[in-house]
Structure formats: C-alpha cells, structure tokens
Amino acid sequence: MTYSEFKTQYHVRLNPQQEAAVRQTNGPVLLLAVPGSGKTTVLVTRLGYMIYCKNIRPENILTVTYTVAATKDMKARFVRFFGEEHADKLTFRTINGLCAVAIRYYAGKKGTEPFALADDESRLNAVVRELLSKGGGGYPPDQQVKEARTHITYCKNMMFSDADVEAHQVDGMDFPAVYKGYQAFLLKNRLMDFDDQMVFTYRIFRQYPDILAHFQRRWPYLCVDEAQDTSKIQHAILRLLASKSRNIFMVGDEDQSIYGFRAAWPQALLEFEQVWPGAKVLMMETNYRSTRSIVEAADAFIQRNESRRPKHMHTDNPQGAPVKMVPLADYNRQYRYLLKVAQNCKEQTAVLYRNNDSALPLIDLLEREGVPYACRQREGFFFTSPIVRDITDMLEFAFDDANWEKFLRFYYKLDLKIKKPVLAGMLRGMAEDESVFDRLLANEGLEPWQYGKIRALQTHYSKFPQLTSFAAIQRLVKFMGYGDYLREQKADTSKLDVLLSLANQTPATGPFLLRLQELKDTIEGMEPDPSCPFVLSTIHASKGLEYDRVILIDAVDGTFPSDPLPHDDEGRAALEEERRLFYVGATRAKKQLEFLCYESRFGEPMAAGRTFIDQLLGKEVTISEPQPVFQFNPQPKPKKARAKRPAYEDGPTPAQLARQQEDFMAGTEVVHKQFGKGEILGRLGSVALIAFEDIDEVKRIELTTCLKKGLLRLAGL
C-alpha cells in the first residue's frame, strides 16, 4: 500500500512534522513532542504505516509504555484506527512486563526457578517499617515508609553500586541499613520486587548474549513512549535490546520530565546522538490543546531552563482568555475561593497542587457543603505524619492530663529536658484522675529550672479551654517550644499550614480532633466520580490529561518553587525540575489557566514572592477578582447599636502584660470594650489584626496599650 492510499483509506490527517515522524521507520529516531502535539496519534499511526506500507510483521514490533493503562489505551486506539486484524500480533508492554517475559525465558532456558515477584505492598511496607523501627525512632509513620521505599527504588533505577548506596543519605533514617536489610529479606525469601526485575534482566542481557539475541530477533523494531520518564536502568535495557537492529523510535519531551524522585533520566534525550551515532532528532512543536495565550506564556516560561533541546511550542488555536493571577489576601482564602468555583462549576475544571496534603482543607469544605468533586488520588499519609501525630497527642492531652503515657510521647518536644526513664519512673502508679503536672510538681527529685518548665507547661495547658483549635496549635508552635523543636529537626512544616486551615474550619478543639479522623476515613474510602466536572489532582497525577479550566494553587515562593535551593548544580537541577512541573500543570489547560497566590499566611504578612507566576506571565499580568490585603484605615461603615459592656478591672502590671500578650495569638476570640467581639487574624509584634463581628474593617490593635487600659480581654473570661 502506498502512503497516499494509506492516508486515504485510514483518514490520516497529519501536519508535516507529524508526517515526518510517522514515515521514519528505520534507524535510531528521537521524537520530541511538546504538550498537546498528538504524540499518541503519531505513535499509533506509525504502527499502521509500518505494517501496511513497509510490510513489517507486527510480531516484530515492541511498543514500551510507561504504565499498564497506557498499554491498554494504545492498543485500543490502534483497533479504532486500523481494526482488530493485527492488534493482537503487536506487543504493547511496560518495561516491567518486558522484564517479566525475559526472566521467564531465562528460567526456561537454564532450567531454574526464578525468584517470585514481591507484589504484596503491605508485606513490603511492613518489612521496611520494621527496619526503620530498629533505628530507634519509634513507630515509623506511613510517609516515612513510603519515603524509604522511594529511595530504594531510586538507587536501583540509578544503577547504584554498593558504595553509592552506602553514601546515599536520607534525613531521619539510616538508609544504607534499611536498604541492606530490605535486600536481605528479599534474598532470604527468594523474592524480587519490580525494580529487581529490571536489575536482573539487565544482568541477563549482559551475561547471556544468546538470550539477548533471542529478543533482538523477536523485536527488531522498538517504540518507546514517555521516554523522559524512563529511568537509567530502563534506558540501559532498551539500549541493549536495540543494539543490533538500531531501530529504536523514542518519543518524549525533556520539558515534561517530572519524576526525578523516581530516577527518571531525561539526560538520555539530551545525549541521544552520542549514544546512537547517526540518529535523527525530529520535533513536533504544534500544540492542538491550548489557546494561544496559554501556549505562548508556557513556552516563554520553559525557555528559562538550560538542560533542554532548543525547541518552541506554538499553536494555531485562537488567542483565548488571558492567563490570570488571582491574588488573595491570605493563604486560607484559597479554599473559600475554590468552594465558590466548585459550587458554580459547569465545565471541566481541575484544581492542581504539588502534593495531596494541599487538597485536604478544600475537601473538608466541599464535604461540609455537600458540593460534588472528584479526587484523582487517595492518600492518608498526612494523618499519620509525625507533625500531625504530635499535634493531636498534645491537643488530646489537654482533655486528659492524667494520660502520662501520651505525655511521654511528646514532652521533650516542648523543651522539657528530663530523661524519659526518670520521668516514666515518677509517673508510674498515678491515680486515674491525677494530673501529670501535679504528680511531677509534688516530686522532690527535680532541679529548680525543671519545676519552672513544668509550671510553665501547666499554665499554658490551663489556657486551652478558652482557645480555639487554631489558637491552641499556634500556642504549641509559637510559645510552648514545639516550633523550636521542628526547627532543630529541620522538619518540613508545610503540614502545619494544612492543620491550621482545617482548625480554622472547626474552631472547637474536641470536634476538630474528631473531624481529622472523619477526613482520614473520607480520604481512604472515596471513589473518584468520572462524571464530575470539578477535579482535584496533584500535577503528577494530571500528566497526560487536559481540562477546560485549570487552577493551580499555592503559587508562591517557598511552596512553588520550594525555597531555598542550593546554588550549585544539584540546586539548579532541582529548580529546573520544579519549573518543568509548573509547566506541565500549566499545559493541562485548554481554555482557561489561573494561578492562586496570597500576601499573608494566617494574618501574618509574607516576604515571599511569586517567581514562577512572574516568569510565566512576564509583564502582561491580568489580575482577576482581587481580594483586598489587610487595610487598616478604610472608611468604616455605620456601626450597629450594641449593648453596653461591663466595666473592666484595673490594668495589669508590666510583667503580667508581657505574659498576657502570649494569649492573644491568631485564631483567638477576643472582646474589645468599644468594638465588641472579634477574632485575631494575625500578629505583628505587639500589634494584633482583629476582625470584629460588628465592623466590616480589620482593626489594628496595640495589645500593650489595650491590655493596660483594660480595653481587651479573651472571650469567655
């Protein structure tokens, strides 16, 4: 069949760049395809062209995809394009599927029994958890287990030597010991995980040329999809497989490589001609998905990366609506804004974020309001993370200060320096209703400064009944030593922002703790609704998808991009991957793209900028639906009549003033003698930003003066 007949019979319509890719069937070829350029259509059309126009037997073609879902999708597309005649003769496999075939063939040839595949994730997690617990860090949370396994995968995919593994450090764990213990478990039980499948296949192909030759004869034509996400060892396996025929067709885009934590190796795309001398590099630069305003902004943005091929994304689509930046007054306002979007959602809309934690306050709001949504990923790691467990333990202790076992789990994180065996000895045998603090203060074996610390903790906890859940968390972090502990541990405190947002939405502490458990159950039990137009997704999970409208949240420095990054090659590489992630998120949008940023976090002004937004938008910044930042001197609206307030007692002493100011933190409900009841939104030193119920403006209140004159008090006192 001629190419002209092929196009007519199968209704093939391609642009010149796509057509060049379809017709290049021999030798090493790298096809660089920008987002929305129709790469899957080209891959499938090329398979048909190879069979019908070049008379290549379908049994001799292997197509390697990144996921099992992609293999099914590509085969289904081939059937839609060309019918079922040759579909079952073509081979579509993931790299692990390919390795499983190679290992089975090896075992049959050598008369051996291969190790079984360790595909029981709960069992492997239990092994890693036990290994982590041996390091003396207590019961490891799910997130730490996941992190350890991710690093194990990384080492195997990067083809690390024993020395490389020994030098690989992970905060909070003895990673080399965990890695060795994990591998020892697999060996003892004659098991191999999915990464070991690739390690073993690579060794087979290197050590047994006859087995490699068998697969080279079987599949002299290789097509590789999503090459930018392929790891170093995967590229090495494919290179061996294609080394005889040299017929390797690799499709990818280094600008969309966002899986560095899984050992994705986009360098293979940059070094393609060095690995395959005489190779052709083709490009598909026309985006058929997005409006011109989105394409032009995204293209200019990604040009800032240095580790990339010189190419430009363009489109013939209409200009469309401009890209929007939505500046909000505060971090917490994002969720109310998105709630309104969800309530009025008529078109496909995706809210994209960096990690699953970011969606929790929004999910909480949507569930409360009964607004439908679809969530692409379910992950409950947030609720078992160390910070969340600490905070919940500390808050629960406020309701039961006789629970000495719980107290032992966190006391040292609140700057109470007493050896645990000593403290445990003092607390054993307590009466059921006896306070931990009373028991310790009655003991004569402590230093004077230790008694002082215990009394300070007792005083702090005595305030908790008058505090909202938000204010209680703030007190723990800012005044009771937990924030200092987190800084000493160099902990990622992003989960605190999520907790505070959730606390804002459930002010009472007891119901807040119950709500956390309800949310955990909701997250773990939810099933995505494919018919719902309002979708929540990480950027990683949205890759390969498209939506009419995309809203990317938390687009501020320190969150996206993370900050600070080291000023070295490693830091530059990390920043470029973050820029690629931002680019992938932006290019999911077909018609509308907007970014949410904010000027303050829980009432406290932020110095952070919005580097990625500025870089993507350049000078053409369109501001949509601006939310006013705190204004201290606007024209007040007429005040409503209020009942007279009772007189206050005489003002406190200077020492009392200093101590009292610690109680007036963000989230605390207060009563002002003139302005009535309000809530503290934030603190700037001794100045509190307070929203009063009967006044539409935010007031700037000087605490020292007001407390001295008896003008301000905590609500409920």
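The values are calculated or read from the model by the stated rules, or taken from the named source; none is laboratory data. The shown structure was predicted, so the numbers you read here are calculated from the model rather than taken from an experiment. No Cβ is skipped: glycine too gets one built from the backbone with ideal geometry, and neighbour counts run over all protein chains shown. Accessible surface areas use protein heavy atoms only, side chains included; no ligands, DNA or RNA. Shrake-Rupley method; radii C 1.70, N 1.55, O 1.52, S 1.80 Å.
If you go through the stretch 512-523 and keep only what is crowded, with 16+ Cβ neighbours inside 10 Å and of a type outside the set (Lys, Arg), you end up with Phe512, Leu513, Leu516, Leu519, Thr522, Ile523. Against the definition (open to solvent by 30 Å² or more (accessible area, probe 1.4 Å), within 27 Å of Glu518 (Cβ to Cβ) and in contact (Cβ under 8 Å) with a residue 24 or more places away in the chain), how does Asp364 come out, yes or no? No: the conditions fail for Asp364. Counting the residues of the stretch 157-204 that are touching a strand residue (DSSP E or B) at 6+ places or on another chain (Cβ under 9 Å), closer than 25 Å to Asp142 by Cα and open to solvent by 50 Å² or more (accessible area, probe 1.4 Å) gives 2.
Taking the condition within 19 Å of Glu379 (Cα to Cα), out of contact with any Phe, Trp or Tyr (no Cβ under 6 Å at 6 or more places or on another chain), of a type outside the set (Ser, Thr, Tyr) and touching a residue at least 12 places away in the same chain (Cβ under 8 Å), does Arg149 pass? For Arg149, the condition - within 19 Å of Glu379 (Cα to Cα), out of contact with any Phe, Trp or Tyr (no Cβ under 6 Å at 6 or more places or on another chain), of a type outside the set (Ser, Thr, Tyr) and touching a residue at least 12 places away in the same chain (Cβ under 8 Å) - is met. Where helices (runs of 4 or more DSSP H) fall entirely within the stretch 269-351, those with at least 2 residues that are at pLDDT below 95 and either open to solvent by 20 Å² or more (accessible area, probe 1.4 Å) or out of contact with any His (no Cβ under 9 Å at 6 or more places or on another chain) (or both) are at 333-343. Checked against the criteria, Leu339 does not count as of a type outside the set (S, T, N, Q) and either more than 20 Å from Leu499 (Cβ to Cβ) or in contact (Cβ under 8 Å) with a residue 40 or more places away in the chain (or both).
Within the stretch 395-451, being exposed (fewer than 14 other Cβ atoms within 10 Å of the Cβ), of a type outside the set (Asp, Glu) and under 39 Å from the mean Cα position of the chain (by Cα) holds for Phe399, Lys417, Lys419, Lys420, Pro421.
Looking for whichever is in contact (Cβ under 8 Å) with a residue 60 or more places away in the chain and of a type in the set (Gly, Ala, Ser) here; the options are Ala69, Ala116, Ala87. Which one fits? Matching residue, one of Ala69, Ala116, Ala87: Ala116.
If the condition is being among the basic types (Lys, Arg) and either touching a His at 6+ places or on another chain (Cβ under 9 Å) or surrounded by 16 or more Cβ atoms within 10 Å (Cβ to Cβ) (or both), then the stretch 109-118 contributes only Lys109.
The rows are residues; the columns are (1) in a helix (DSSP H, G or I); (2) at pLDDT 95 or above.
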| residue | (1), (2) |
| --- | --- |
| Ser122 | yes, no |
| Glu130 | yes, no |
| Tyr139 | no, no |
| Ile152 | yes, yes |
| Lys156 | yes, yes |
| Met159 | no, yes |
| Val178 | yes, yes |
| Gly181 | yes, yes |
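The number of residues in the stretch 104-120 being under 24 Å from Pro220 (Cβ atoms) and either part of a loop (DSSP other than H, G, I, E, B) or hydroxyl-bearing (Ser, Thr, Tyr) (or both) comes to 2. On the stretch given as the stretch 352-366, residues that are part of a helix (DSSP H, G or I), aliphatic (A, V, I, L, M) and within 21 Å of Ala589 (Cβ to Cβ) total 2.
The set of residues from the stretch 27-60 being among the hydroxyl-bearing types (Ser, Thr, Tyr) and assigned to a loop (DSSP other than H, G, I, E, B) comprises just one member, Ser37.
Applying the set (1) more than 22 Å from Ala503 (Cβ to Cβ); (2) touching a helix residue (DSSP H, G or I) at 6+ places or on another chain (Cβ under 7 Å) to Arg409 leaves exactly one unmet item: (1).
All conditions in (1) in contact with a Phe, Trp or Tyr (Cβ under 9 Å, 6 or more places away or on another chain); (2) polar (S, T, N, Q); (3) farther than 30 Å from Ser469 by Cβ; (4) modelled with pLDDT under 50 hold for Gln627, with the sole exception of (3).
The set of residues in the stretch 517-534 that are modelled with pLDDT of 95 or more and in contact with a helix residue (DSSP H, G or I) (Cβ under 8 Å, 6 or more places away or on another chain) contains only Phe534. Among the residues of this structure, Glu604 does not count as one that is within 20 Å of Cys375 (Cα to Cα) and open to solvent by 40 Å² or more (accessible area, probe 1.4 Å).
The single residue among Tyr208, Tyr182, Tyr259, Tyr221 that is without any contact (Cβ under 8 Å) to a residue 60 or more places away in the chain, among the aromatic types (Phe, Trp, Tyr) and closer than 22 Å to Cys99 by Cα turns out to be Tyr182. Considering only residues that are open to solvent by 20 Å² or more (accessible area, probe 1.4 Å), part of a helix (DSSP H, G or I) and among the hydrophobic types (A, V, I, L, M, F, W, C), which ones fall in the stretch 490-511? Scanning the stretch 490-511 gives no hits.
Looking at the stretch 452-463, I want the residues that are open to solvent by 50 Å² or more (accessible area, probe 1.4 Å) and have a partner that is hydrophobic (A, V, I, L, M, F, W, C) with Cβ atoms under 6 Å, at least 6 apart or on another chain. Which pairs are those? Cβ pairs passing all conditions: Lys453/Leu416; Gln458/Phe437. When the test is whether a residue is in contact (Cβ under 8 Å) with a residue 40 or more places away in the chain and not in a helix (DSSP H, G or I), Gly135 passes it. All conditions in (1) in a loop (DSSP other than H, G, I, E, B); (2) open to solvent by 70 Å² or more (accessible area, probe 1.4 Å) hold for Met480, with the sole exception of (2).
Filtered by the rule that a residue be open to solvent by 10 Å² or more (accessible area, probe 1.4 Å) and part of a helix (DSSP H, G or I), the stretch 205-219 gives Arg206, Gln207, Pro209, Asp210, Leu212, Ala213, His214, Gln216, Arg217, Arg218. Here Tyr154 meets each of (1) under 24 Å from the mean Cα position of the chain (by Cα); (2) farther than 23 Å from Thr71 by Cα; (3) surrounded by fewer than 17 Cβ atoms within 10 Å (Cβ to Cβ) with one exception, condition (3). Under the condition of being open to solvent by 10 Å² or more (accessible area, probe 1.4 Å) and farther than 15 Å from Glu518 by Cα, the residues counted in the stretch 376-388 number 4. Return yes or no: is Gln256 among the polar types (S, T, N, Q), under 25 Å from Thr150 (Cβ atoms) and surrounded by 22 or more Cβ atoms within 10 Å (Cβ to Cβ)? So Gln256 passes the test. Annotation note: of Tyr66, Tyr106, the sole residue that is open to solvent by less than 70 Å² (accessible area, probe 1.4 Å) and closer than 30 Å to Tyr179 by Cα is Tyr106. Within the stretch 70-103, how many residues are assigned to a loop (DSSP other than H, G, I, E, B) and open to solvent by 40 Å² or more (accessible area, probe 1.4 Å)? Total meeting the criteria: 4.
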